[in-house]
């Protein structure tokens, strides 16, 4: 039998295998499988813990991104994960791998971009590590906090929930949104106060892939209206469904709470569909034609 590779099993298939074997101790409320781990360390809040790795040639190109943008994105990705759990980011550590001939000023500019965003969101940089590598690698581990009765998971969607997203989707590399997006911490806090979501995730792998995680963990299906999906400039429907790197929040709320979001003046929330009991993900076009699609987004393998 041929040796099975990551290309055979896929990114999420491998993660599922690791999760099934993962050892956890008391205090782990949620481990592998959400935007952040949820830990009970005592007190009124849960501790949130997430990490993101950015690799040159995969997540950024220094030929088209300023070093400040690279540093900003490295932190923003993790802040977006904390926002998706209903949390507030707090403390970060950063590990960097860099080629031997990387200029000091280039790395300092990356650090400046990181620090500028850290100040904006009141995140303290408290440590890290550095090593030599054949390409630039930045890994951020970020802590956050959330009140124990306010944490939001992927696995909470209910039949009849309305599905919303916080902003436009698709074509994020060409329109450079992936380099300068705003983590939706403020929007998430607004939602907690005015229309607490049943389920939420950040859109990093495409609408179809990330909605698929909510559906799989919640045990329901979804009907999405293609005409209501907010497409970014020059983006196609396929790009919105499958490209990723949008970093908007995708969430579901009970139908009786949806009016509060439709009337919201402070933020823009786009209603795109409904959670249904029938398993699967279905698109309905402008003529009312329905088709089922695979809940597939961007995967690294």
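The values are calculated or read from the model by the stated rules, or taken from the named source; none is laboratory data. Model, not experiment: these values are computed from the prediction. Cβ coordinates were reconstructed from backbone atoms using ideal geometry, including for glycine residues, and neighbour counts include every protein chain displayed.
Structure values in brief
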{"item": "Matching entry among 235, 258 (being in contact (Cβ under 8 Å) with a residue 40 or more places away in the chain and either closer than 22 Å to residue 152 by Cβ or touching a helix residue (DSSP H, G or I) at 6+ places or on another chain (Cβ under 8 Å) (or both))", "result": "258"}
{"item": "Selection within the stretch 247-301 - more than 19 Å from the chain's Cα centre (by Cα) and assigned to a strand (DSSP E or B)", "result": "273, 274, 275, 276, 281, 282, 283, 284, 290, 291, 292, 293"}
{"item": "Every residue from the stretch 152-174 that is within 17 Å of residue 34 (Cα to Cα) and either assigned by TED's automatic domain parsing to the domain that holds residue 263 or touching a helix residue (DSSP H, G or I) at 6+ places or on another chain (Cβ under 7 Å) (or both)", "result": "154, 155, 156, 157"}
{"item": "Subset of the stretch 103-117 that is surrounded by 20 or more Cβ atoms within 10 Å (Cβ to Cβ) and touching a strand residue (DSSP E or B) at 6+ places or on another chain (Cβ under 9 Å) - its residue that is nearest to residue 74 (Cα to Cα)", "result": "114"}
{"item": "From the options 100, 46, 91, residue that is loosely packed, with under 13 Cβ neighbours inside 10 Å, in contact (Cβ under 8 Å) with a residue 12 or more places away in the chain and not in a helix (DSSP H, G or I)", "result": "100"}
{"item": "Unmet requirement for residue 68, which otherwise passes all of (1) surrounded by fewer than 20 Cβ atoms within 10 Å (Cβ to Cβ); (2) touching a residue at least 60 places away in the same chain (Cβ under 8 Å)", "result": "(2)"}
{"item": "Total residues in the stretch 173-187, condition under 17 Å from residue 70 (Cβ atoms) and modelled with pLDDT under 95", "result": "6"}
{"item": "Any hit, the stretch 13-30, residues being out of contact with any strand residue (DSSP E or B) (no Cβ under 9 Å at 6 or more places or on another chain) and within 22 Å of residue 126 (Cα to Cα)", "result": "no"}
{"item": "Leading residue by the ranking (surrounded by the most Cβ atoms within 10 Å (Cβ to Cβ)) among those in the stretch 29-43 that are over 16 Å from residue 154 (Cβ atoms) and touching a residue at least 12 places away in the same chain (Cβ under 8 Å)", "result": "39"}
{"item": "Residue 139 being farther than 23 Å from residue 205 by Cβ and not assigned by TED's automatic domain parsing to the domain that holds residue 255", "result": "no"}
{"item": "Checklist (1) at pLDDT below 95; (2) under 30 Å from residue 198 (Cβ atoms); (3) not in a helix (DSSP H, G or I) applied to residue 20, failing item", "result": "(3)"}
{"item": "Some residue of the stretch 195-208 being closer than 29 Å to residue 60 by Cβ and without any contact (Cβ under 8 Å) to a residue 60 or more places away in the chain", "result": "yes"}
{"item": "Residue match in the stretch 231-240 (condition: in a strand (DSSP E or B) and crowded, with 24+ Cβ neighbours inside 10 Å)", "result": "no"}
{"item": "Test: residue in the stretch 124-144 that is in contact (Cβ under 8 Å) with a residue 40 or more places away in the chain, surrounded by fewer than 16 Cβ atoms within 10 Å (Cβ to Cβ) and either part of a loop (DSSP other than H, G, I, E, B) or in contact with a strand residue (DSSP E or B) (Cβ under 6 Å, 6 or more places away or on another chain) (or both)", "result": "yes"}
